[in-house]
Amino acid sequence: MNTYSPKTTGSPGPTEETLDIRDLGFWLYLMTDAIIFSLLFATYVVMFQNTATGPLPIEVFDIKHVFGETMFLLFSSVTFGFASLASVREHKSQAVFWLIVTIVLGLGFISLEVIEFIGMIQSDAGPQTSGFLTAFFTLVGTHGAHVSLGMIGILVMIFQILIKGLTSPVKSRLHRLGMFWHFLDIVWIGIFSIVYMPGWLI
């Protein structure tokens, strides 16, 4: 008696259509995040002059410090771009290298931001001091939290590239993470223009 045993195959990977749907979902997430930051920016603009008895913006913002933060974040966007290009060219080691550099630059940004916050709090310019400072800490702190989450995502991507290689799903995840990281750069440019620059000029 002949018996037929079906050939077992591994589970198929995500199709191009599935990856496109995931990209669309991620764009929707970014739109939601953009709305959140828009509300935080609007709140800051309203509260900007509500300094109460606390310090004025020009008294707490250090232009050299903020310039350093800006350079760290902008260059991290460039290095992430290099990592993306390396992944397209199937250069695994280069992609990992540029992602590591991106994390280092991100850590530099977060370190300067933490130092800035600690210095402000120690000089009695904490978030509880005035409406202006509450809005400032909420907006800038939310951005900093996003950068920290982005670095965790980059670290996960590094391990995925090392373990799985530059497969289509891995490159798709790297692409979405890149959109998130560049989005944070755009938000920071908004913070620099709306929060810090008027604080120095007024």
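The values are calculated or read from the model by the stated rules, or taken from the named source; none is laboratory data. Keep in mind that what you see is a predicted model, and the values were worked out from it rather than measured. As a convention, Cβ positions derive from the backbone with ideal geometry for all residues, glycine included, and neighbour counts pool all protein chains shown. Accessible surface areas use protein heavy atoms only, side chains included; no ligands, DNA or RNA. Shrake-Rupley method; radii C 1.70, N 1.55, O 1.52, S 1.80 Å.
Things worth noting here:
- Output for the stretch 26-38, where each listed residue is exposed (fewer than 11 other Cβ atoms within 10 Å of the Cβ) and either at pLDDT 95 or above or of a type outside the set (A, V, I, L, M, F, W, C) (or both): Thr32, Ile35
- Filtered residues of the stretch 40-67 (kept if in a helix (DSSP H, G or I) and hydrophobic (A, V, I, L, M, F, W, C)): Leu40, Phe41, Ala42, Val45, Val46, Met47, Ile58, Val60, Ile63, Val66, Phe67
- Total residues in the stretch 124-158, condition in a loop (DSSP other than H, G, I, E, B) and touching a Gly at 6+ places or on another chain (Cβ under 8 Å): 4
Residues checked against (1) open to solvent by 70 Å² or more (accessible area, probe 1.4 Å); (2) more than 25 Å from Val156 (Cβ to Cβ); (3) touching an Asp or Glu at 6+ places or on another chain (Cβ under 6 Å); (4) modelled with pLDDT of 95 or more:
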residue: Gly13; (1), (2), (3), (4): no, no, no, no
residue: Ile21; (1), (2), (3), (4): yes, no, no, no
residue: Ala42; (1), (2), (3), (4): no, yes, no, yes
residue: Leu56; (1), (2), (3), (4): yes, yes, no, no
residue: Val66; (1), (2), (3), (4): no, yes, no, no
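- Of the residues Phe192, Phe183, the single one that is closer than 30 Å to Ile21 by Cβ and of a type outside the set (D, E, K, R) is Phe183.
- Any hit, the stretch 161-181, residues being within 26 Å of Lys64 (Cβ to Cβ), at pLDDT 95 or above and not aliphatic (A, V, I, L, M): yes
- Selected residue [of a type in the set (A, V, I, L, M), surrounded by 19 or more Cβ atoms within 10 Å (Cβ to Cβ) and in a helix (DSSP H, G or I)] from Ile121, Ile161: Ile161
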